[in-house]
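The values are calculated or read from the model by the stated rules, or taken from the named source; none is laboratory data. Just so we're clear, the structure is a prediction, and the values are computed from it rather than from any experiment. Glycine also receives a Cβ, built like all others from the backbone with ideal geometry; neighbour counts cover every protein chain displayed. For accessibility, only protein heavy atoms count, side chains too; no ligands or nucleic acids. Shrake-Rupley method; radii C 1.70, N 1.55, O 1.52, S 1.80 Å.
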Amino acid sequence: MGKKQETNPNSEYGEPAQFDPTFNGPIKKRGCTDIICCILFMAVILGYIAVGILAWLYGDPRHVLYPRNSTGWFCGTGPNKNRPNLLYFNILKCATSINVMASALNGLQCPTTQVCVEKCPSTFWGVGSYFPGSKPADTFNQSLCVPSIDLANTDLTVQQIVDKELCPFFHVPTISVLGRCLPDITALGDPSYFSNIQDLSSSANDTINIIKYGTGTESLDEDIVNGFNARDIGVRIFEDFASSWPWILLGLLIAMVVSMLFLLLLRFTAPVMVWVLIIGVLGAGAYGIWHCYWEYDNHKKNSATITDIGFTTNFNVYLQVQETWLAFLIIISVAEAIILLTLIFLRTRILIAIALIQESSKAISHMMSAMLYPLITFVLLLVCVAYWGATALYLATSGGPIYRVVALNSTMSGCSSINGTMDCDPQNFTSSDYPGCPSASCIFIKYNDEGLFQRNLFNLQIYNAVAFLWCANFVIALGQCTLAGAFASYYWAFTKPDDIPMFPVYGGFMRSLRYHVGSLAFGTLILTLVQIARVILEYIDHKTREAQNPVARFILCCMKCCLWCLEKFIKFLNRNAYIMIAIYGKNFCVSAKNAFMLLMRNVVRVVVLDKVTDLLLFFGKLLVVGGVGVLSFFFFSGRIPLPGNTFRFETLNYYWMPIITVVFGSYLIAHGFFSVYNMCVDTLFLCFLEDLERNDGSLQKPYFMSKNLMKILNKSNKAKKKGRGED
């Protein structure tokens, strides 16, 4: 064993693959892998379905989708179908602690009467202008009062109606925000309007003073007020999308065409683009060296040194001293020297990377269906997200609502004994049952959490989140394994394109589903556990941020950095393991080990190819997103007029919304196309390394039919022989 290690310096990373004349690509005869993990994944999926069914049976999303009035009825549905908006009699009680019982009742949402109304009030109004002596029907608006009172036939006085909160004693201009009538801050105007309103009670007096002077409340501030016009903004944005959606789709279509053309043209332009980008980086470095030297020389003449300024938090001051620019000069010079030496000694590896990129474009041109596979991944991910969101919503609303008797005016004697201690039914509640507390009301407190199912809601929500992460990662892994199988079948085809399978993407998809669900689940489970650890660490950091000292913050930062690096490494390892699974059909651990050893035996090629590919794909994304974004800006801002009246940019309220939509959509499209291309490069690279080891680098028994690669490798071998003095 010792002699073997001396003759083979890479033996610590495993032995190279041996030549096999019968090997011709992805193995057809294969069996199921990682069956135990497959069974576990299927059990988790079945449990996930069971959780969704239970949530659907017990949950009621109307609790979230529709507001609920004080009697327990939903607004906008059932008997309140024509009353979609919820009006708060005293909105300030929802944001302040005027009512002392608000802090004593666990989960109390808003200690004021709430009714469903057809339209939110849009004007100022106060009962003081008509009180006393006025009839209730002449004072109040029947549509804004509780449904149980008939103002035309009631025996109650205006004072009694106000004390029992059967009708609002004032209202301000409001707008509907998610079905809730919230104050319209733009229409509030002069608060002195309320100066003629008479004080009906201490609660009314406090409320009016808050509206007039803004005192007594810090929570009713801009954080709430700034969102009051959200509906109006949303309507305008919707109008913009309604008038510009054909042109948005056209912009996304242009992004799709440009992305596809860029990837296909890399077959012919990759060498030029790579060297142009490399020369550009070297040119930028050279300019940086010159500029730093120029700044250093100027500040040296001015005798500005760091000792003159000492320590300061104003970093702009450091740019005025010679030592700063000298440090920049040294750093950029060292980086420039490293890049130049890398280009000199690794030029043949760069040529190999360029040839692989060209071959990847050629492979994609022979199987264009691979470019459509990101749509399948997107749809499956959308299903996962929708199922997770629906399950979380139904779980959150699975408990029945609990209502309790609450005194809306806690200053009255006789209210303290019943405040928040007695359950009630809001649909059958009458305040006359509590003569000592006329302001008593039946108000929602919380959702029931006493049943077996309700007590485990938190655990079920955690299960929902973990299962979602696992499923989402599995969908991505399935796509990677599918594409790897398709591109591997292209690589090992002896005569291209005749020997390429009829439906390579479909074949890779079916092999992955039939044989390797367990292996994909195994790899994604490891990734999911790391992501869960990151989430837990972020939660701990968020909860303990105020109590952390510098040492604790440093430790948490290091731990988060380590987990981030671990997640990136696992994604890289999984990606290459899926390629080996698609080719050889072995289990996850063996495939991950073989992929890692193969990459480590060719670590220089791996680094060069990875960086060259990243450089090209970054440039491609920049070209697609930047080009389409600039085009959409000139179009939607009216700088590129269209003939006739096909589209007028003057009709847009916010012309930047279509631009943002086009830019974001272009990025998603470019990312989808380039992810396929990146997978193709990685697959062909691993196949190339395997092929090279099988043929001992001599190309005497080649499988890879790329003449470009063969020429480059022959040149590389000749250069090595000349360096050793051989013919």
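General observations
- Wholly enclosed helices (runs of 4 or more DSSP H) of region 485-584 bearing at least 2 residues in contact with an Asp or Glu (Cβ under 9 Å, 6 or more places away or on another chain) and farther than 20 Å from C687 by Cβ: 517-543, 550-584
- Long-range neighbours under 8 Å by Cβ, at least six apart or interchain, first residue more than 17 Å from V676 (Cα to Cα) and free of Cβ contacts under 8 Å to residues at least 60 places away in the same chain within region 560-588, second among the acidic types (D, E) and assigned to a helix (DSSP H, G or I): K560/E538; K560/D541
- Residues of region 337-356 satisfying the condition of being surrounded by fewer than 16 Cβ atoms within 10 Å (Cβ to Cβ) and touching a residue at least 40 places away in the same chain (Cβ under 8 Å): I339, L340, L343
- Output for region 153-205, where each listed residue is at pLDDT below 50 and among the charged types (D, E, K, R): D190, D199
- Of the listed requirements (1) open to solvent by 30 Å² or more (accessible area, probe 1.4 Å); (2) within 17 Å of Y463 (Cα to Cα); (3) touching a residue at least 12 places away in the same chain (Cβ under 8 Å), R83 misses just one: (2).
- Residue list for region 537-587, filter: among the aliphatic types (A, V, I, L, M) and farther than 24 Å from D610 by Cβ: L537, I540, A547, V551, A552, I555, L556, M559
- Region 24-58, residues that are open to solvent by less than 30 Å² (accessible area, probe 1.4 Å), within 17 Å of L460 (Cβ to Cβ) and out of contact with any Leu (no Cβ under 6 Å at 6 or more places or on another chain): V44, G47, Y48, G52
- Scanning region 527-579 for residues that are acidic (D, E), closer than 25 Å to V517 by Cα and surrounded by fewer than 15 Cβ atoms within 10 Å (Cβ to Cβ) turns up nothing.
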